[in-house]
Amino acid sequence: MLTPTMPISTSPDHVWVFVSAPGGAVDVVRLAHAPGSPRFVGLPIEAFDPSALLPTYNPTGELVNGFRWATTADIDTYAYLFTA
């Protein structure tokens with residue numbers, strides 16, 4: 001089972017989460033949000049372009065349909081999802 005940290009923002013429009021595996025491996029993902037819903041996904045930087053304007057699959061540039069990068073305002077709106 002993967003264990004995420006609380007969201008960490010480096011700016012109002014860049015929200016990240018560290019994810020650890022039982023074996024000790026740690027990775028970082030950038031959060032994407034489906035506007036108008038409580039849906040968030042963590043997209044690993046190895047497969048998705050974290051510097052693109054919208055979430056895109058790195059090898060092809062294909063957009064992640066229905067999602068945009070999460071903002072601190074999104075996290076504040078849905079804070080109950082990120083608290084124990």
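Rounded, prolate or oblate: pick one for the chain, where a ≥ b ≥ c are the square roots of the eigenvalues of its C-alpha gyration tensor, a/c under 1.5 means rounded, and failing that, prolate if a/b is larger than b/c, else oblate. Oblate. Between 34, 70, 21, the Gaussian network model of the chain with springs among Cα atoms under 10 angstrom shows the greatest mean-square fluctuation at 21.
Readers should treat all values here as calculations from the given coordinates under stated rules, not as data from a laboratory. All figures in this text were calculated on a predicted structure; none of them were measured in a lab.
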